[in-house]
1. Tell me which of these Thr76 doesn't satisfy, since it passes every other one: (1) at negative phi; (2) buried (at least 16 other Cβ atoms within 10 Å of the Cβ).
2. Please determine whether any residue of the stretch 40-59 is surrounded by 10 or more Cβ atoms within 10 Å (Cβ to Cβ), in a strand (DSSP E or B) and in contact (Cβ under 8 Å) with a residue 24 or more places away in the chain.
3. For Phe98, indicate whether it is surrounded by 11 or more Cβ atoms within 10 Å (Cβ to Cβ) and aromatic (Phe, Trp, Tyr).
4. Which of (1) under 28 Å from the mean Cα position of the chain (by Cα); (2) of a type outside the set (A, V, I, L, M, F, W, C); (3) modelled with pLDDT under 90; (4) not assigned by TED's automatic domain parsing to the domain that holds Phe98 does Gly46 not meet, given it meets every other one?
5. For Thr86, indicate whether it is surrounded by 10 or more Cβ atoms within 10 Å (Cβ to Cβ), free of Cβ contacts under 8 Å to residues at least 40 places away in the same chain and not aliphatic (A, V, I, L, M).
6. Which one of the conditions (1) under 28 Å from the mean Cα position of the chain (by Cα); (2) part of a loop (DSSP other than H, G, I, E, B); (3) among the polar types (S, T, N, Q) does Thr64 fail to meet, given that it meets all the rest?
Amino acid sequence: MFHRPPPTEAADEALTPEQERVIAKFRRFSSVSMLVMVIGVAAVFGVIGYRMLRAKPLATGEVTALLPKGAKIVGTAVTADVVAVTLDIGGVTEIRTFDARTLAPAGRLRFAVEP
């Protein structure tokens, strides 16, 4: 269907020194480019692996937080790093925060009425 030229029987001609320099330069450029790409991919996989190995697991198991006698839980809120519990302790509002990963107490905020 397509016209193809007849194969030539001529032997391959030797390259000129200038052509050999261009080919060598292209090979060096290709090698450097491939090396940079391999280093970049290795860096990305290295960062992903580092973050996966260094990630701290979430807390598991049971944790019991002791509340003062007569305290009532008014509300709770959870963010990425903090669990907040709002308490009513005898008419005084208090917010206690806990670290979401370890469930260790992180802070306490009390609200009181000014005299």
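1. (2)
2. no
3. Numbers: surrounded by 11 or more Cβ atoms within 10 Å (Cβ to Cβ): yes; aromatic (Phe, Trp, Tyr): yes.
Yes: the conditions hold for Phe98.
4. For Gly46, the exception is condition (3).
5. Details: surrounded by 10 or more Cβ atoms within 10 Å (Cβ to Cβ): yes; free of Cβ contacts under 8 Å to residues at least 40 places away in the same chain: yes; not aliphatic (A, V, I, L, M): yes.
Taking the combined requirement at face value, the residue satisfies it.
6. (1)
The values are calculated or read from the model by the stated rules, or taken from the named source; none is laboratory data. Note that the structure is predicted; figures quoted are calculated from it, not measured. So basically every Cβ, Gly included, is an ideal-geometry build from the backbone, and we count neighbours across all protein chains shown.
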